[in-house]
Amino acid sequence: MITVDPFDLVIFGGTGDLAARKLIPAMYHRHCAGQLPEQARIIALGRKDLGRDGYLDAIIDKSRALITEQYFDAAQWQDGDFARLADYLLDTRDRVRIFYLSTSPNLFAGICQRLAHSNLALPNSRVVLEKPLGRDLRSADEINACVESVFSEKQIYRIDHYLGKEAVQNMLALRFGNSIFEPLWSHGKIRDVQITLAEQIGVEGRGEFYDSTGTLRDMVQNHLMQLLCIIAMEPPISMDADNVRDEKLKVIRSLEPFTPETVITNAVRGQYQAGVVGGNPVPGYRQEPGIDADSRTETFVALKARINNWRWSGVPFYLRTGKRMPEYVSEVVINFFSLPHSIYPSSDGVDSANRLYIRLQPHEAIELHLMAKQAGDRNILKPVKLDLDLAGQNERHLDAYERLLMDVVRGNQTLFVRRDELNAAWQWVEPIMNTWAALDKAPEAYEAGTAGPAAAHDLITRDERSWIEDY
Ligand code: BG6
């Protein structure tokens with residue numbers, strides 16, 4: 001394993017949920033893999049003064065127990081803290097310095113300004129910004145402008161951890177490392193594309209954050225749209241960061257804009273009610289701690305999207321994501337057209353259309369569903385799976401954060417979101433947010449443990465298609 005150069009990683013929000021669940025474990029795994037040099041340092045900053053040992057105890061407890069997210073109190077960040085940090089980092093001015101802002105986005109600008117005032121933002125510094133970045137285009141733009149008054153775009157890493165998932169890397173490799181898929185990758189061959197990000201968990205103690213955010217901002221504007229870009233983008237000139245991001249941006253710009261009318265017909269929002277998930281009874285969203293008793297925040301979104309360009313003209317993209325679904329399933333399904341004419345006797349009820357699955361959860365895998373002949377003396381077909389996941393079954397897949405943190409250390413921005421991409425994504429979801437906000441209506445209720453509200457089913461069945469369910 002090649003080690004990276006020594007670096008300092010400073011985590012703002014070091015006592016928070018993301019640090020405990022993802023960032024510290026990611027560094028731990030990279031350490032075990034022998035990738036971190038001995039001189040590398042992780043400096044965790046939080047509003048509690050726990051001391052080194054206290055922090056280590058707390059993080060070990062938290063990483064095991066996954067306790068709730070904590071928020072930062074801007075007022076608690078004093079210039080003195082930054083002066084102490086500056087002292088601490090004094091001897092390592094020449095090394096790569098990463099500031100990971102795992103705090104509420106309304107603190108990003110203030111933290112960056114204080115970093116600048118304390119002379120901590122050097123040319124070799126990098127800043128990582130967690131999602132969702134802002135609440136809408138305007139707030140995102142304001143935050144980005146403040147951050148960019150301190151750091152250049154080349155120093156800013158807007159993270160979307162879905163881009164660090166192994167299956168997403170594999171999807172790129174499949175499309176751009178092989179010649180056989182390209183002729184199949186367009187209208188005429190592909191009937192529709194479905195992306196499902198379904199979670200069993202509810203808001204998990206993040207009630208306050210979630211209630212003011214909702215699924216559209218938490219999952220659609222970032223994770224779902226990034227996956228859609230990876231599937232739909234044209235081959236980039238190279239894997240260089242800007243070439244990849246130029247192509248993703250073109251996809252977002254080609255998305256048909258929603259109007260108030262199409263939001264009504266092509267966008268569905270839902271909110272879970274009490275039900276049973278994985279055999280356990282769970283409360284409804286409005287009964288969760290930190291949630292307003294009359295909340296109209298959505299916990300489920302389904303959309304029908306269209307990409308108005310040469311490749312994708314006429315191909316619907318059906319997107320859905322929600323909490324308290326029956327299973328933890330994240331996947332992309334590429335549905336190819338059925339045979340124009342079958343010469344085989346029909347195998348009752350068997351859907352013969354070819355289908356490519358890119359599975360992100362619960363296991364990362366890529367599968368191609370084909371028809372093959374059943375053994376025997378008759379010509380009867382049966383569906384078979386070609387498993388294209390080339391990573392060994394027992395090999396440990398890197399967690400998305402491991403991969404992405406190492407990319408920040410190495411200075412590779414390919415899997416990070418550029419400002420214009422982020423703006424374009426906000427621009428696309430804004431009419432949905434605005435139309436929903438203007439409607440005097442609660443999201444449609446769905447029972448926890450079911451696949452979302454009835455309208456999500458109608459969204460696709462009225463096009464004579466159905467969600468490909470693995471549950
Ligand atoms: C986060 C969202 O970005 O992604 C969470 O804020 C969500 O609400 C999580 O649970 C899902 O990530 P993963 O990797 O578990 O699918």
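Readers should treat all values here as calculations from the given coordinates under stated rules, not as data from a laboratory. Everything quoted here is computed from the prediction, not taken from an experiment. Positions of Cβ are generated from backbone atoms using ideal geometry, with glycine treated the same way; all protein chains shown enter the neighbour counts.
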Computed, not fitted: 222 nm per-residue ellipticity of the chain from DSSP H runs ≥ 4 (each -39500 (n - 2.57)), nearest 500, equal to -9000 deg cm²/dmol
The chain: relative contact order from alpha carbon pairs under 8 Å, six or more residues apart, as a whole percent, is 18 percent
Rounded to the nearest 10, the angle in degrees between the Cα long axis of helix 166-176 and the longest principal axis of the Cα atoms of the chain comes to 60 degrees
Once normalised by the length of region 91-221, the mean sequence separation of its alpha carbon contacts under 8 Å that are 6 or more apart gives a contact order in percent of 22 percent
Distance in nm between I343 and H117 label points, each 7 Å along Cα→Cβ, equals 7.8 nm
Extension length gain for D294 and N280 (0.36 nm per residue less Cα distance), in nm, is 2.6 nm
Once phi for every residue in region 284-289 is put through the Karplus expression 6.51 cos²θ - 1.76 cosθ + 1.60 (θ = phi - 60°), the whole-Hz ³J(HN,Hα) values, with Gly and Pro written as x, are x, 4, 5, 8, 6, x
For the pair F176 and D463, the simple spin-label estimate (label points 7 Å beyond Cα toward Cβ) gives in nm 2.6 nm
Stokes-Einstein D for the chain (10 °C, 1.306 mPa s, Kirkwood Rh from Cα pairs), in µm²/s, comes to 67 µm²/s
Distance in Å, no decimals, from the C-alpha centre of region 277-327 to the one of region 405-471 is 7 Å
Here the FRET efficiency for F336 versus S139, based on Cβ atoms and R0 = 41 Å and rounded to 0.05, is 0.50
Under 5 Å from the placed amide H of I11, counting only residues 5+ away or on other chains, we find I43, A44, L45, Y100
Within the under-12-Å Cβ sphere about G284, not counting G284, Lys/Arg +1 and Asp/Glu -1 give a net charge of +1
Going residue by residue through region 44-55, the Karplus relation 6.51 cos²θ - 1.76 cosθ + 1.60 with θ = phi - 60° gives ³J(HN,Hα) values, rounded to whole Hz and with x marking Gly or Pro, of 9, 10, x, 7, 8, 8, 9, x, 4, 5, x, 5
For R191, other-chain or 5+-apart residues with amide H closer than 5 Å (H placed, Pro excluded) are N335, F336, F337
Stretched fully, the stretch from L439 through K382 gains (0.36 nm per residue minus C-alpha distance, one decimal, in nm) 15.7 nm
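Which residues make up the longest stretch of the chain that has no trypsin sites (Lys or Arg not before Pro) in a DSSP loop with at most 11 other Cβ atoms within 10 Å?
Counting only loop sites that pass the neighbour cut-off, the longest clear stretch is 1-377.
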Karplus-derived 3J(HN,Hα) from phi for region 420-430 (6.51 cos²θ - 1.76 cosθ + 1.60, θ = phi - 60°), whole Hz, x at Gly and Pro, runs 5, 5, 4, 4, 5, 5, 4, 4, 6, 7, 4
Here the net charge surrounding E153, from other residues whose Cβ is less than 9 Å away from its Cβ (Lys, Arg +1; Asp, Glu -1), is +2
To the nearest 0.05, the calculated FRET efficiency linking R52 and Q427 through their beta-carbon distance, R0 being 60 Å, is 0.85
Extend 7 Å from the Cα of A455 along its Cα-to-C-beta direction; within region 323-343, residues with backbone N under 11 Å of that point are none
Length-normalised contact order of region 154-288, Cα under 8 Å, at least 6 apart, in percent, tallies to 21 percent
Lys and Arg at +1, Asp and Glu at -1: neighbours of F258 with Cβ under 11 Å from its Cβ sum to -1
Projected onto the charge dipole of the chain (unit charges on the beta-carbon of Lys, Arg, Asp and Glu, signs +1, +1, -1, -1), the Cα from N354, P453, V301 with the largest positive-side position is that of N354
Over the Cα atoms of region 100-233 the radius of gyration and the largest Cα-Cα distance (Dmax), both in Å, equal 18.3, 58
With 0.36 nm assigned to each residue of separation and the Cα-Cα distance removed, I201 to E38 gains 54.9 nm
